[in-house]
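Structure first, then comments.
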Amino acid sequence: MNVDWDVCVASELEDGPRERLMRLGPSALRVDELLACIMQSGNGKQNVYEIAQSLCRYLGDLDRLADLEVAELLSVPGIGLAKAVQIAAAVELGRRVARKPPGERQQIRTAEDAAKYVMDRLRYLKKEHFVTLLLDTKHRVLAEDTSSVGSLDASIVHPREIFRRAIRISASSILCIHNHPSGDPSPSPEDIAVTKRLVEAGRVLGIEVLDHIVIGDGRFVSLRAEGYLDSTS
């Protein structure tokens with residue numbers, strides 16, 4: 001999704017983003033206008049529109065906003081700590097709303113269900129995130145953990161960390177998911193090795209590893225479907 005780089009015209013400066021949001025609704029606003037609503041004010045040297053457009057130019061693509069840390073936001077001209085924190089908080093709220101199951105606990109029946117549950121949150125991240133869904137006996141989501149951030153290998157994704165909370169909340173099974181920032185969900189040798197290790201640990205603990213799903217850009221691969229959970233040999 002590309003950012004709309006339209007420059008604000010004088011009439012829009014008079015009819016500010018908050019007024020436009022109230023009158024037209026948030027879906028009618030451009031990205032720079034939404035950012036202006038979040039940041040609320042300028043800094044004495046630049047008005048809020050100019051700062052918002054500076055951030056849009058820095059991003060180049062809106063998807064980058066999901067992976068931007070406060071320290072990186074501070075490098076954008078016009079953005080100080082207060083504005084960086086406001087933007088980071090708004091992004092995190094969006095993440096939490098996106099992953100909150102509607103009504104009752106989300107039930108995961110298939111690998112496709114699991115992929116849909118996390119796809120919009122993981123597909124654009126620039127680092128690998130290893131997420132564990134903790135499920136009850138009916139495969140409903142009890143909790144979600146992000147166990148590690150960074151390159152996936154056995155030293156980072158340790159069974160002790162993966163199963164600790166599952167044991168504490170009496171989860172019946174777990175479902176492991178991680179993203180490939182390249183967009184290609186093809187499993188690597190490290191992905192397969194970690195999967196086999198977790199499956200074996202789950203058997204010892206009596207907590208089944210239902211699947212390990214690799215998320216790409218709009219695509220996913222189920223390691224169970226590929227046959228990697230059938231045997232630990």
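Miscellaneous remarks
- Helix-derived mean residue ellipticity, 222 nm - over the chain, DSSP H n ≥ 4, -39500 (n - 2.57), to 500: -12500 deg cm²/dmol
- Packing, as the average of other Cβ atoms within 10 Å across residues, places the peptides 116-129, 134-147 in the order 116-129, 134-147, highest first.
- If the Kirkwood radius is taken over C-alpha pairs of segment 145-225, then at 37 °C and 0.692 mPa s the Stokes-Einstein diffusion coefficient equals 254 µm²/s.
- Positive dipole terminus of the chain, leading residue within 129, 172, 218 (C-beta point charges): 172
- Pair residue 182, residue 161: separation of 7 Å Cα→Cβ label points (nm): 2.3
- Reachable lysines, given that their alpha-carbon falls under 20 Å from the alpha-carbon of residue 126 and they are not under 8 places away in the same chain: 116
- Sorting the Cα pairs of segment 25-80 by distance into bins of 5 Å, from 0 upward, gives 4, 20, 30, 27, 13, 4, 0 percent per bin.
- Under 21 Å from residue 83, Cα to Cα: lysines that are on another chain or at least 8 residues apart: 45
- The chain: C-alpha pair distances exceeding 25 Å, %: 49
- 0 to 90° range, to nearest 10: angle between helix 81-99 axis and the chain longest Cα axis: 50
- The modelled label-to-label distance between residue 146 and residue 208, using points 7 Å beyond Cα along the C-beta direction, is 2.9 nm.
- What the Cα atoms of segment 90-223 give is an Rg and a Dmax of 13.8, 42 Å.
- In a simple Cβ point-charge model (Lys, Arg +1; Asp, Glu -1; nothing else charged), the chain has a dipole of about 800 debye relative to its Cα centre.
- The mean sequence distance of close C-alpha pairs (under 8 Å, at least 6 residues apart), as a share of the length of segment 128-233, puts its relative contact order at 27 percent.
We did not get these values from a lab; they are worked out from the coordinates using the rules stated. Keep in mind it's a predicted model, so treat the numbers as computed, not measured. A quick note on method: Cβ atoms are made from the backbone with ideal geometry, for glycine too, and the neighbour counts reach across all protein chains shown.
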